[in-house]
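The values are calculated or read from the model by the stated rules, or taken from the named source; none is laboratory data. This is a predicted model, so every value here is computed, not measured. Neighbour counts are summed over all protein chains in view; Cβ atoms, including those assigned to glycine, are modelled from backbone coordinates with ideal geometry. For accessibility, only protein heavy atoms count, side chains too; no ligands or nucleic acids. Shrake-Rupley method; radii C 1.70, N 1.55, O 1.52, S 1.80 Å.
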Amino acid sequence: MNLFADIRSAVLTALTELQADGVLPAGLDFANVAVEPPRDAAHGDMATNAAMVLAKPAAMPPRAIAEALAAKLLADPRILVAEVAGPGFLNLRLAPVVWQGIVKAALTHGTDFGRAEIGRGQKVNVEFVSANPTGPMHVGHVRGAVVGDALANLLAFAGFEVTREYYINDGGAQVDVLARSAYERYREAHGLEPEIREGLYPGDYLIPVGEALKAKYGDSLLDKDEAVWLADVRVFATEMMMQMIHDDLAALGVRMDLYASEKALYGTGKIEAAIATLRDMDLIYEGVLEPPKGKEPEDWEPRVQTLFRSTAHGDDVDRPVQKSDGSWTYFAPDIAYHYDKVQRGYDQLIDIFGADHGGYVKRMKAAVSALSNGKVPLDIKLIQLVKLWKNGEPFKMSKRAGTFVTLRDVVEMAGADVTRFIMLTRKNDVALDFDFDKVLEQSKDNPVFYVQYANARVNSILRKAAEAGIDVSDAALGAADLSRLDHAAEIEVAKKIAEWPRLVEIAARGNEPHRVAFYLFELASDLHGLWNRGNDDASLRFIQDDAATSQAKIALARAVGVVICAGLGILGVTPVEEMR
């Protein structure tokens with residue numbers, strides 16, 4: 001039940017009636033007519049820009065349109081006041097019964113309240129994490145994993161068919177480095193001194209890999225030329241690293257629907273097919289790129305390469321896909337991989353990249369635009385850095401990882417639920433501070449505690465009411481006389497609940513799961529505020545002397561709890577029923 005969409009429908013009906021009455025001309029486009037919360041809550045419950053956007057095409061003063069529209073809307077029993085403001089904005093105030101009905105709707109639909117259908121019939125692929133299979137995931141991967149998983153949950157809640165996908169970067173030189181590093185740990189497992197030279201991975205996490213290699217191969221690989229063991233050790237080590245990554249993701253509560261391998265693109269003709277498709281579009285040519293902007297590198301020299309004409313699809317420069325020696329650039333398999341996703345029939349592609357991939361955004365969007373004939377949009381979300389703090393100081397790197405703090409370090413210290421929520425308290429393109437002390441403290445300054453405390457308070461109200469003999473089943477609360485919710489403070493909480501379905505649609509359209517975390521904090525604040533007012537005004541307490549009034553007030557609290565549980569479900573956070 002999206003109340004804002006319902007009132008917008010009423011506005012469009014009224015506009016159509018004004019056309020039938022001859023007040024407005026026929027043929028107007030109502031697509032840009034919106035109904036939103038006013039910038040200043042004192043101006044009303046909702047506002048519409050209808051008169052402003054229709055004035056020019058209707059060749060009428062906006063105030064004249066607004067006044068005629070107001071007269072029509074006042075015939076709707078849900079609308080108590082329709083006031084023209086400024087040059088022609090129309091502010092609306094709704095009847096209390098509307099807000100009371102929102103409480104009933106939340107109780108009726110439960111955690112499905114707010115589910116949208118904007119994605120019905122559309123398939124979306126969300127690719128996220130995609131960490132190199134060379135070691136445990138670090139704190140930067142934590143944020144990308146949480147954003148990607150929460151976004152997938154959000155899109156599913158909005159009606160999309162979602163695939164969570166992990167692209168295994170197992171086709172590049174880094175897996176050879178992994179194999180060489182693992183081989184040194186294999187030598188170590190045999191009592192030899194490992195040679196962890198510069199460029200190899202130094203982390204202790206490879207010690208078990210070396211021991212496993214010993215268990216499988218015995219001493220048959222010792223003192224052998226690299227050509228003998230590199231391929232087998234590469235596969236073995238990659239598989240063990242991917243199992244570690246699977247386990248890390250599971251600890252964070254993240255599951256993938258599909259793991260796609262970069263290596264599987266080589267030798268299968270898929271890269272060649274993608275490039276051939278672009279060539280058929282006259283988007284592949286042999287040419288020489290201009291030198292890099294700024295200071296020209298000493299080792300730069302002009303050379304003929306195979307280039308993708310990405311500037312034809314919005315990029316700044318054309319991009320090489322094949323080097324002068326005939327080998328593919330890193331970009332070529334990425335093109336083939338995204339072409340495969342296009343061919344799988346997705347209506348939208350979303351990539352969650354680290355901030356260091358910013359230079360890839362335009363070229364990747366250009367490739368998808370070309371390969372889908374502009375029909376499949378690609379949205380790339382860049383994840384900014386996470387700065388870890390403890391005891392007022394930057395948190396040090398993990399010895400086990402060698403060079404960074406691991407995902408496991410964070411989850412084991414803070415817990416998966418706290419970690420997930422905090423990672424969504426900033427928009428993805430803004431750096432985030434993660435202070436282990438603050439995220440675990442019980443105060444209003446800790447958003448995850450504040451939201452969980454609100455849900456725990458709701459459950460406390462339900463328990464105490466049940467102990468007092470009040471029926472607090474959802475059926476009983478939904479059937480309560482909600483007209484008893486007539487105090488302005490109670491109506492304000494119901495108004496915040498009414499924003500939830502609209503928020504879901506906005507967040508899903510913008511691929512912005514952080515909006516859910518922001519909203520839950522605001523809703524929790526409203527509940528806590530109402531609770532605190534009850535300390536001074538007994539009429540606002542949730543449990544009253546008579547059961548009927550109590551049920552109405554408890555219904556409001558329960559509706560808040562329903563929405564909090566639904567929102568936390570999207571964030572992948574388990575609601576807390578009781579604070580300890």
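Would you please calculate the Kirkwood hydrodynamic radius of region 208-339 over all C-alpha pairs and express it in Å, rounded to one decimal?
Taking every pair of different Cα atoms in region 208-339, averaging 1/r and inverting gives 18.6 Å.
Across region 82-93, computed HN-Hα scalar couplings (Karplus, 6.51 cos²θ - 1.76 cosθ + 1.60, θ = phi - 60°) run 9, 10, 7, 10, x, x, x, 6, 10, 9, 10, 10 Hz from first to last residue, x flagging Gly and Pro. Once divided by 2.2 N^0.38 Å, the Cα radius of gyration of region 384-466 becomes 1.32. Taking only alpha carbon atoms, region 182-226 gives an Rg to Rh ratio of 0.94, where Rh is the Kirkwood radius. The residues 435, 471, sorted by heavy-atom accessible surface at 1.4 Å with ligands and nucleic acids left out, run 471, 435 from largest to smallest.
Compared with the dominant principal axis of the Cα atoms in the chain, helix 488-510 is inclined by about 40°. Packing, taken as the mean count of other beta carbons within 10 Å per residue, orders the peptides 267-280, 324-337 from highest to lowest as 324-337, 267-280.
In the context of the full protein assembly, residue 389 retains an accessible surface of approximately 80 Å², using a probe radius of 1.4 Å and ignoring ligands and nucleic acids.
For every other residue with a beta carbon closer than 12 angstrom to the beta carbon of residue 531, add +1 if it is Lys or Arg and -1 if Asp or Glu, then tell me the sum.
Within the 12 Å Cβ shell, the charges total 0.
Close amide H pairs (under 5 Å, H built 1.01 Å from N) link residue 388 with 395, 434, residues at least 5 positions away or on another chain. Geometric descriptor of region 120-261, per residue, is 107 Å³ (volume of the convex hull of the Cα atoms). Counting only protein heavy atoms and using a 1.4 Å probe, the accessible area of residue 92 comes to about 0 Å². When you work out D = kT/(6 pi eta Rh) for region 59-132 at 4 °C and 1.567 mPa s, using the Kirkwood radius from C-alpha pairs as Rh and the Stokes-Einstein form, the result is 79 µm²/s.
Region 313-464 has equivalent-ellipsoid semi-axes of 41, 22, 13 Å, by the square roots of 5 times the alpha carbon gyration tensor eigenvalues, sorted largest first. The Cα-based radius of gyration of region 305-348, divided by its Kirkwood radius, gives an Rg/Rh of 1.05.
Taking the Cα centre as origin and putting +1 on Lys and Arg beta-carbons and -1 on Asp and Glu beta-carbons, what dipole magnitude results for the chain, to the nearest 20 debye?
So the magnitude is around 840 debye.
Close amide H partners of residue 379, meaning residues 5 or more places away or on another chain with modelled amide H under 5 Å apart, are 349, 350, 351.
Modelled this way, with points 7 Å down the Cα-to-C-beta line, the labels at residue 224 and residue 467 are 7.0 nm from one another.
The trypsin sites (Lys or Arg not before Pro) found in region 151-252 that occupy coil by DSSP, while having at most 16 further C-beta atoms within 10 Å, are 197, 224.
Return a whole-number percent for the relative contact order of region 454-530, with Cα pairs under 8 Å and 6 or more residues apart as the contact set.
The value is 33 percent.
Here the Karplus relation 6.51 cos²θ - 1.76 cosθ + 1.60, evaluated at θ = phi - 60°, turns the backbone of region 146-161 into coupling constants of 5, 4, x, 5, 5, 5, 4, 4, 4, 5, 5, 5, 8, x, 7, 8 Hz, with x for every Gly and Pro. When the P(r) is computed for the chain, the part past 40 Å accounts for 42% of the Cα-Cα pairs. Region 295-396: D in µm²/s via Stokes-Einstein (Kirkwood Rh, Cα pairs, 10 °C, 1.306 mPa s)? Calculated translational D: 100 µm²/s. Using the Cβ of residue 507 as centre and a radius below 14 Å, the other residues enclosed give a net charge of +1, where K and R count +1 and D and E count -1. Placing 104, 438 in order of accessible area, with the largest value first and a 1.4 Å probe, yields 438, 104. Indicate, rounded to the nearest 5 percent, the antiparallel portion of the DSSP beta bridges found entirely in the chain. Taking every DSSP beta bridge with both residues in the chain, the antiparallel ones total about 50 percent.
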